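For reference, the structure discussed in these notes is given below.
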Amino acid sequence: MNRRIEKNRLKPPATVPAPAAVVKRPRWNARAWREQHASSCRESLGRLAARPAASALTLTVLSLALTLPLLFWLLLDNVRALSGSVDDARAVSAFLKPDLDATAIEAEARRLRERPDVAGVEVKTPEQGLDEFRSRSGFADALAVLHYNPLPAVLVVALRASAGEAAPALVEELRRDPAVDLVQYDAQWRQRLNAIVATVARGAAVVAALLALAALLVIGNTVRLDIQGRRDEIGVMQLLGASDGFVRRPFLYTGFWYGVLAGVMALILIGLVEWALSAPLARLVASYDRQFDVHGVSSAVMLAVLAASAALGWLGAWLAASRHIASGQPQ
Amino acid sequence: MIRFELVSKRYPSGHEALSEITFEVGDGEMAFVTGHSGAGKSTLLKLIALLERPSRGQISVNGRSLQQVNRRGIPALRRGIGMVFQDHRLLLDRSVIDNVALPLVIAGAPRDETAKRARAALDKVGLLARENALPLSLSAGEQQRVGIARALVSKPPVLIADEPTGNLDPQLSAEIMGLFDQFQQVGTTVLVASHDLPLIKRMGKRVLVLDHGRLIDDFRPAAA
């Protein structure tokens, strides 16, 4: 018998516990529940920090899977804002022959207004056209050199909303009209642009869904390995009467932290991309006289990204945990 | 408190570990289960804690028929049974006090109460001074006493122990058995599987003898 054991000799029976017959089963306790969640939350983060290399690798993969769709979305959002700033293109611009005088122009406008498929006609005189051109094109200095106004009068014909035909009859008639020099009808390229944007948006959504699935699997697999590594501990807890929920909880927090941290990393990566592009973009915008603006990720979107990635992490962990913890108990 | 009625257990391999076992251990009684290795001692204890389901027969523990306990009910059943293992099954990366407190944490007790009761349980097995040590720094006997403190910290009405003294020398074994005896004296029902016959004899308690899965003797000492 060594001395340590001697020292730790058992207490006399006087100190034994109260009779087992008066055992009270602990009831559900809100404070205990909060404490346990807080400690699971802390411990899970601590476990990630305890294996920095493995955690960093997983987080990098996850954050890239989040960054890619976010970049797509940012690009699309900017393109949409840009195309939205183009005037509604259910309008036909008819550039009149330059030799027409004001009465002839008015007569032409009146004739068009009477047509049933025309909602309204706006007359832009050459003077108005010149003012607009000066203010919007950035060629004000060059125009000042001109001694005369080279612009013709323009009739902007708003069409009544009709079926989405590619080119309404009016466009053809105007093209044949002797008073009209040139007809510009924007709807066609605009429809094409919209179709392109919609296609790219759908493609981006598909890519985002695939990457989200990949993120789910990465988190699920990481948590599965974590569960396998702690199989003995889980077994002991189950022997002591831990419910599936209790055993699952720390792993759910692990998934949650993977999600949140990957979301933060993705936002940092987006920030870096924005920073890298900011100088050339600013030059591009300046060259267009700031007729459009480029925006980054708003704080609302940042919050949404964090919430979504946290939810993704939680879900991935939940799938793995419910699949791999349930085994090992008799039915 | 623990009742077996014609209980048989056949493993999927075809091995019949227990055949038509019938016995009852009353409230606050202490009994040993003994027999050669492979006689079915461990299986019998596993059935009580629902680590295994019986193939045939009825078991009831704490007045509950185990047949009516479904998968979701198993954790609650186990929280009412203290379990001690030969290899003590402590979590090696947690301190002694955290190991002892684990059943209370699992049962959802608040932290201040958990710490207080875990210390009280450690004090009872004489290891309060080692509360912050890691299990591997303790001797085998001390580790087993931590395991006993953990089994009793939530004051379960039933305690089962599978070869709790299997790795210990005779003197330590006697100490451990003395602990079980103390808990029985305050009303806990105790069932201990052991093949240490001299020790069992000295304890002077009821003994259930298994042989090839059959209950061949139920010996009650005259004094009891």
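The values are calculated or read from the model by the stated rules, or taken from the named source; none is laboratory data. This is a predicted model, so every value here is computed, not measured. No Cβ is skipped: glycine too gets one built from the backbone with ideal geometry, and neighbour counts run over all protein chains shown.
Descriptive notes on the structure:
- Considering B:Ala140, B:Ala133, the condition of being modelled with pLDDT under 90, within 28 Å of B:Thr114 (Cα to Cα), surrounded by fewer than 20 Cβ atoms within 10 Å (Cβ to Cβ) and of a type outside the set (Val, Ile, Thr) is satisfied by B:Ala140 alone.
- Failed item in (1) among the aliphatic types (A, V, I, L, M); (2) closer than 15 Å to B:Val100 by Cβ; (3) at the interface with another protein chain (Cβ under 9 Å from one of its Cβ atoms), with B:Val158 passing the rest: (2)
- Residue in region B:15-36 that is outside any strand (DSSP E or B), surrounded by 20 or more Cβ atoms within 10 Å (Cβ to Cβ) and either touching a residue at least 24 places away in the same chain (Cβ under 8 Å) or of a type in the set (A, V, I, L, M, F, W, C) (or both) present: yes
- Filtered residues of region B:1-42 (kept if closer than 14 Å to B:Val192 by Cα and touching a Gly at 6+ places or on another chain (Cβ under 8 Å)): B:Gly28, B:Gly40, B:Lys41
- If you go through region B:124-141 and keep only what is part of a helix (DSSP H, G or I), under 16 Å from B:Gln86 (Cα atoms) and more than 7 Å from chain A (Cβ to nearest Cβ), you end up with B:Pro135, B:Leu136, B:Ala140.
- Residue, farthest from the other protein chains (Cβ to nearest Cβ), within region B:56-84, restricted to residues that are of a type in the set (A, V, I, L, M, F, W, C) and part of a helix (DSSP H, G or I): B:Leu66
- Elements of the type helices (runs of 4 or more DSSP H) sitting completely within region A:158-260 and holding at least 2 residues that are assigned by TED's automatic domain parsing to the domain that holds A:Ala321 and over 30 Å from A:Phe72 (Cα atoms): these cover A:187-229, A:231-239.
- Filter result for B:Gly108 (within 9 Å of another protein chain (Cβ to nearest Cβ), in contact (Cβ under 8 Å) with a residue 12 or more places away in the chain and either closer than 16 Å to B:Leu45 by Cβ or out of contact with any Gly (no Cβ under 9 Å at 6 or more places or on another chain) (or both)): no
- Filtered residues of region A:106-136 (kept if within 23 Å of A:Val180 (Cβ to Cβ) and of a type in the set (Gly, Ala, Ser)): A:Ala107, A:Ala109, A:Ala119, A:Gly120, A:Gly129
- Filter pass, B:Leu47 being surrounded by 16 or more Cβ atoms within 10 Å (Cβ to Cβ), touching a residue at least 12 places away in the same chain (Cβ under 8 Å), of a type outside the set (Ser, Thr, Tyr) and within 13 Å of another protein chain (Cβ to nearest Cβ): yes
- Within region B:168-202, tally of residues that are assigned to a helix (DSSP H, G or I), more than 10 Å from chain A (Cβ to nearest Cβ), of a type outside the set (A, V, I, L, M, F, W, C) and surrounded by 15 or more Cβ atoms within 10 Å (Cβ to Cβ): 1
- For region B:88-104, the set of residues classified as more than 7 Å from every other protein chain (Cβ to nearest Cβ) and either without any contact (Cβ under 8 Å) to a residue 40 or more places away in the chain or outside any loop (DSSP other than H, G, I, E, B) (or both) consists of B:Ser95, B:Val96, B:Ile97, B:Asp98, B:Asn99, B:Val100, B:Ala101, B:Leu104, listed by residue number.
- Residues located in region A:265-320, provided they are farther than 30 Å from A:Gly255 by Cα and part of a loop (DSSP other than H, G, I, E, B): A:Tyr288, A:Asp289, A:Arg290, A:Gln291, A:Phe292, A:Asp293, A:Val294, A:His295
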